[in-house]
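Report on the structure given below.
The values are calculated or read from the model by the stated rules, or taken from the named source; none is laboratory data. Bear in mind the structure is a predicted one, so any value in this text is a computation, not a measurement. As a convention, Cβ positions derive from the backbone with ideal geometry for all residues, glycine included, and neighbour counts pool all protein chains shown.
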């Protein structure tokens, strides 16, 4: 099992954030993912990181497919791969109608088909193929115009593509075409909610789940007082359940419902929509916080690492907690050491 971290997410303490990534690289973290919502974009921070790091893999986590043409996605990917010495991986997601239509002003039309065709076109471009494509969403060159089918003028590259997906149909597409999966709303105890549809898609393409790097995880915090560790994470979960979408379209809420938390998820959403934010946070069950994060004593966190491993997660994505840079680095170092121990257990058992 490998370890991934995040970068950015609206933070503007760039020197501190870079220092954290450099320490993560030194400690052995494999991936760093940049976020993209409605603040900073996912690509520009990675260009900055490419100049400040040397071994860690840089990924967009995730780039919103509907906000760009596939060709623009491909050009950005080629530039970042070139600048980083081929340490770049492309993370893509369909986002949701609230962002795509509200922020970008683009119709949220056939999002899964659009995501699949974007992957097709990006791969054609980055591999140096002539871009002649006839899909249901994209038809290139544009019919009736003066465009011609071009090849990239950049050096072709084989760039891995990871998809951030939640719905059963999009998970099937992930299993069918992606190199990796970026999971959210994931609980190891309910892994089949995600992996069963992913396996169906993989089977259609004559693949297995072993062909897909499956990444998921959560916040990491060490301590004996679980109440103190749980409480600060409830507002974030309430935001995902209530605000990351409309009352009718919230993919995060839907994922928790499929995992067996429908009553809790819908209750939190209802309170949030009614403007009762504190009540919504209080309504989030402790169990939901514990199952989506790695919290507690070192033994408890080690058990959660094992749970993710046993569920089929191949790269653990962590958000180390700490009030200062030094505390965040210390937390990251501790969890990386636990991941090494758990991975060694698996290797010993296999002999």
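All conditions but one from (1) within 25 Å of residue 156 (Cα to Cα); (2) in contact with a helix residue (DSSP H, G or I) (Cβ under 9 Å, 6 or more places away or on another chain); (3) without any contact (Cβ under 8 Å) to a residue 60 or more places away in the chain apply to residue 44; the one that does not is (2).
Remark: pairs (first residue in region 94-115, in the same structural domain as residue 64 (by TED's automatic domain parsing) and modelled with pLDDT of 90 or more; second residue surrounded by 21 or more Cβ atoms within 10 Å (Cβ to Cβ) and part of a loop (DSSP other than H, G, I, E, B); Cβ separation under 6 Å; 6+ apart in sequence or on different chains) = 111/94; 115/94. Limited to region 150-165, what total is found for residues that are surrounded by 17 or more Cβ atoms within 10 Å (Cβ to Cβ) and out of contact with any strand residue (DSSP E or B) (no Cβ under 9 Å at 6 or more places or on another chain)? Counting residues in region 150-165 that are surrounded by 17 or more Cβ atoms within 10 Å (Cβ to Cβ) and out of contact with any strand residue (DSSP E or B) (no Cβ under 9 Å at 6 or more places or on another chain) gives 1. Just one residue in the set 51, 29 is in contact with a strand residue (DSSP E or B) (Cβ under 9 Å, 6 or more places away or on another chain) and either crowded, with 16+ Cβ neighbours inside 10 Å or touching a residue at least 12 places away in the same chain (Cβ under 8 Å) (or both); that residue is 29. With respect to being touching a strand residue (DSSP E or B) at 6+ places or on another chain (Cβ under 8 Å) and within 28 Å of residue 91 (Cβ to Cβ), residue 269 falls outside the description. Whether any residue in region 125-138 is closer than 24 Å to residue 31 by Cα, in contact (Cβ under 8 Å) with a residue 40 or more places away in the chain and either surrounded by 15 or more Cβ atoms within 10 Å (Cβ to Cβ) or not assigned by TED's automatic domain parsing to the domain that holds residue 246 (or both) is what I want to check. So far as region 125-138 goes, yes, one or more of its residues are closer than 24 Å to residue 31 by Cα, in contact (Cβ under 8 Å) with a residue 40 or more places away in the chain and either surrounded by 15 or more Cβ atoms within 10 Å (Cβ to Cβ) or not assigned by TED's automatic domain parsing to the domain that holds residue 246 (or both).
Comparison of 71, 65 shows that the only residue that is in contact (Cβ under 8 Å) with a residue 60 or more places away in the chain and assigned by TED's automatic domain parsing to the domain that holds residue 181 is 71.
Per the conditions (1) assigned to a helix (DSSP H, G or I); (2) modelled with pLDDT of 95 or more; (3) under 23 Å from residue 318 (Cβ atoms), the sole criterion not satisfied by residue 29 is (1).
Screening 342, 318 for residues that are assigned by TED's automatic domain parsing to the domain that holds residue 61, farther than 18 Å from residue 193 by Cα and out of contact with any strand residue (DSSP E or B) (no Cβ under 6 Å at 6 or more places or on another chain) leaves exactly one candidate, 342. Scanning region 86-102 for residues being assigned to a loop (DSSP other than H, G, I, E, B) and in contact with a helix residue (DSSP H, G or I) (Cβ under 8 Å, 6 or more places away or on another chain) gives a total of 4. For residue 200, are the conditions met, namely being over 25 Å from residue 37 (Cα atoms), assigned by TED's automatic domain parsing to the domain that holds residue 332, out of contact with any strand residue (DSSP E or B) (no Cβ under 8 Å at 6 or more places or on another chain) and assigned to a helix (DSSP H, G or I)? It is true that residue 200 is over 25 Å from residue 37 (Cα atoms), assigned by TED's automatic domain parsing to the domain that holds residue 332, out of contact with any strand residue (DSSP E or B) (no Cβ under 8 Å at 6 or more places or on another chain) and assigned to a helix (DSSP H, G or I).
As for region 140-149, it holds no residue that is loosely packed, with under 15 Cβ neighbours inside 10 Å and either within 17 Å of residue 67 (Cα to Cα) or touching a helix residue (DSSP H, G or I) at 6+ places or on another chain (Cβ under 9 Å) (or both).
Residue by residue through region 76-93, note down the ones that are without any contact (Cβ under 8 Å) to a residue 40 or more places away in the chain and more than 19 Å from the chain's Cα centre (by Cα).
83, 84, 85
Within region 311-351, being under 20 Å from residue 189 (Cα atoms) and in a loop (DSSP other than H, G, I, E, B) holds for 312, 313, 314.
Listed by position, the helices (runs of 4 or more DSSP H) inside region 213-310 whose residues that are crowded, with 17+ Cβ neighbours inside 10 Å number at least 3 are 234-242, 251-256, 262-273, 277-283, 286-291.
Taking only region 115-132 into account, find how many residues are touching a strand residue (DSSP E or B) at 6+ places or on another chain (Cβ under 8 Å) and not in a helix (DSSP H, G or I).
Narrowing region 115-132 to residues touching a strand residue (DSSP E or B) at 6+ places or on another chain (Cβ under 8 Å): 115, 117-124, 131-132.
Imposing the further condition that a residue be not in a helix (DSSP H, G or I) reduces the set to 131-132.
Qualifying residue count, region 115-132: 2.
Against the definition (farther than 24 Å from residue 64 by Cβ and either in a helix (DSSP H, G or I) or assigned by TED's automatic domain parsing to the domain that holds residue 315 (or both)), how does residue 175 come out, yes or no? Answer is no for this residue.
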